[in-house]
Amino acid sequence: MCAHFRPIFIAFLSLSLGIWLAELFRQGKIIYIIVVGSILVIIILLSLLRLCFKNSGFFHYLWRTRKCFLTVFISVIVGFTSFTIAYNKIIQEEVVNVDSSVDYFVMGTVRSAPVEYEDYMSMFIDDPILTTGSTTIDLDGKSIYLKIDTENIDESSDLYITQAGDTIILVANVTNMSVFYEDNVSSFAYKNNCRYIAYADQDNISIIEGTTTGIASAREFIKEKIYASMDARYAGLAYAIFIGDKSGLDYDLQENFQVTGIAHLLAVSGLNVGFIVLLLMCFLKPTRLKPIWKTAIITLILVLYCLLCDLSPSVIRASLMAVFLLLGNSFGKQGDNLNSVSLAGILLLLIDPMYLFDLSFLLSFASVFAIIMLYPQFEALFMKAHLGKFVSATLAISISAQIGTLPLLINTFGYVSVVSLLVNFLTVPFLGYLYMGMFVALILAIILPFTWGLLWLIQWGLWLVDIVTQWFASWTYASVSVNSIIPIVVAILFIAMFCFSRFCVVQGKKQKIILYSVTSAICVLSVVFNYTIVPLLC
């Protein structure tokens with residue numbers, strides 16, 4: 001039985017558990033540490049008792065699975081330790097405590113174009129310097145998250161043409177922002193290197209045009225060409241799909257994508273990386289290069305793409321997974337999706353355990369794990385219903401991904417998209433072809449500048465997607481509010497997902513029926529408990 005539990009997969013889950021336990025320890029929730037620690041100690045002691053009870057089937061099983069238990073124990077310790085080190089490093093940073101009761105004269109560099117919301121704009125200010133009276137304060141490289149009231153903003157304001165590299169000068173109220181709060185972690189503050197938040201009025205802001213260098217310059221070049229070839233509304237959408245930067249998205253368009261459950265298309269992830277790898281493999285296929293050299297070329301391009309996307313966790317995960325699979329094929333080994341994605345997760349968490357608290361990281365891995373575990377079953381089910389290969393595959397991927405991400409989305413946004421499955425089925429394949437077309441058009445345009453006009457054709461496809469999402473989002477019950485799910489229930493749901501997958505091998509039809517029945521019952525009871533008993537306890 002232990003052979004069916006992949007060591008790399010178990011190590012990833014255990015590493016994540018160790019990091020989570022360390023965060024609970026920081027919050028003072030020692031009871032969780034005691035419970036998990038006691039379970040691990042009991043299992044280890046029971047497995048050692050096999051030496052005294054060699055003829056016992058139970059103890060013999062524990063002894064045979066000792067490698068699995070050892071993997072869990074070591075990975076939990078490594079996760080706990082790595083988070084503790086990261087935590088101590090963060091809290092030892094020198095952060096200036098600013099006076100929130102006064103207004104500061106602020107000057108810094110704009111990181112990227114402002115993001116517009118319903119009643120405000122926001123942007124990050126890098127390398128800020130604060131001045132009040134005769135005192136000048138250097139924030140030691142920490143950034144400011146700026147929110148600008150746009151209730152009465154003038155459409156001719158310089159804020160609408162502000163770009164990365166510009167210098168911004170303003171008068172604002174500035175307060176401190178923390179990474180660690182009493183009962184949660186602000187991944188937003190951490191990943192953006194932001195320790196301050198400022199509030200300003202548009203009348204107190206001046207913009208001086210600046211320049212960008214390196215990767216930021218490449219981003220601005222691509223953005224400039226896309227906006228020159230499309231209407232602003234669809235240029236912002238194209239740039240978000242290609243780079244993951246949502247600063248140019250119209251607010252209503254972004255809202256429609258969220259309500260209809262396709263906001264994941266605005267975050268660069270496995271879908272984008274998969275299409276890039278597919279295109280590159282088709283391009284390199286006619287060449288006589290050895291597989292390892294083809295893999296090296298694709299890896300280099302994926303590294304550049306990760307940098308373009310500002311090293312988003314989802315695109316790093318997808319790229320690492322693609323590289324692992326390509327390397328396996330190069331050496332004549334069959335790729336294993338579960339091991340590949342688990343190894344990618346282990347590498348990311350070892351580099352920075354704070355990734356575990358980043359929503360894009362969680363959504364990315366949850367969706368991929370769900371697809372790996374549930375896709376074959378759903379596809380076989382739809383094929384039996386004679387829906388055809390394309391429809392079966394599309395529905396299976398959409399349903400699997402949504403099952404995996406649903407608990408996280410409920411806890412983050414507080415609602416469920418009722419039309420998500422249908423809209424995903426209609427738009428995801430179409431947008432995939434649009435993405436490939438846009439990627440090819442961008443490459444051609446860089447080589448042959450006169451071909452930038454090809455992007456204009458992509459605009460009509462984006463217009464169609466916009467029309468579809470507008471129509472579905474206008475439905476009265478396109479989305480419904482749902483209360484959050486407690487962590488233990490989320491864990492139970494993901495364990496159930498594993499039990500229903502092909503990776504949990506159970507011999508015998510009777511045993512399978514028992515496993516599936518018990519798992520289903522536990523899931524139903526846990527959900528009922530979450531929405532009946534938990535509200536009474538809170």
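The values are calculated or read from the model by the stated rules, or taken from the named source; none is laboratory data. This one's a predicted model, so the numbers in the text were calculated from it and none came from an experiment. Glycine gets a Cβ as well: all are built from the backbone with ideal geometry, and neighbour counts include every protein chain shown.
Summary table below
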read-out: Segment 68-115 - residue that is charged (D, E, K, R) and under 30 Å from GLN202 (Cα atoms) and, of those, surrounded by the most Cβ atoms within 10 Å (Cβ to Cβ); value: ARG111
read-out: Looking only at segment 381-428, and only at residues there that are hydroxyl-bearing (Ser, Thr, Tyr) and surrounded by 19 or more Cβ atoms within 10 Å (Cβ to Cβ), the one that is nearest to the chain's Cα centre (by Cα); value: THR405
read-out: Every residue from segment 116-127 that is in a strand (DSSP E or B) and farther than 15 Å from ALA200 by Cα; value: ASP126, ASP127
read-out: Unmet requirement for LEU284, which otherwise passes all of (1) within 23 Å of the chain's Cα centre (by Cα); (2) under 24 Å from ILE443 (Cβ atoms); value: (1)
read-out: Single unsatisfied condition, GLY274 versus (1) of a type outside the set (Lys, Arg); (2) surrounded by 18 or more Cβ atoms within 10 Å (Cβ to Cβ); (3) assigned to a helix (DSSP H, G or I); value: (2)
read-out: Scan of segment 350-380 for residues that are surrounded by fewer than 19 Cβ atoms within 10 Å (Cβ to Cβ), over 22 Å from ASP336 (Cα atoms) and at pLDDT 85 or above, ordered by number; value: ILE351, ASP352
read-out: Any hit, segment 321-329, residues being among the polar types (S, T, N, Q) and surrounded by fewer than 21 Cβ atoms within 10 Å (Cβ to Cβ); value: yes
read-out: Enumeration of residues in segment 287-306 that are among the polar types (S, T, N, Q) and either surrounded by 15 or more Cβ atoms within 10 Å (Cβ to Cβ) or within 24 Å of the chain's Cα centre (by Cα) (or both); value: THR295, THR299
read-out: Test: residue in segment 90-106 that is under 22 Å from THR213 (Cα atoms), under 29 Å from the mean Cα position of the chain (by Cα) and at pLDDT 80 or above; value: no
read-out: Number of positions in segment 155-210 that are touching a Gly at 6+ places or on another chain (Cβ under 8 Å) and either part of a helix (DSSP H, G or I) or closer than 26 Å to SER101 by Cβ (or both); value: 2
read-out: Residue satisfying condition, being buried (at least 18 other Cβ atoms within 10 Å of the Cβ), among the aromatic types (Phe, Trp, Tyr) and not assigned by TED's automatic domain parsing to the domain that holds SER122, within set TYR234, TYR227, TYR190; value: TYR234
read-out: Residues located in segment 434-485, provided they are over 28 Å from TYR415 (Cα atoms), within 26 Å of the chain's Cα centre (by Cα) and not β-branched (Val, Ile, Thr); value: LEU434, TYR435, MET436, GLY437, MET438, PHE439, LEU442, GLY461
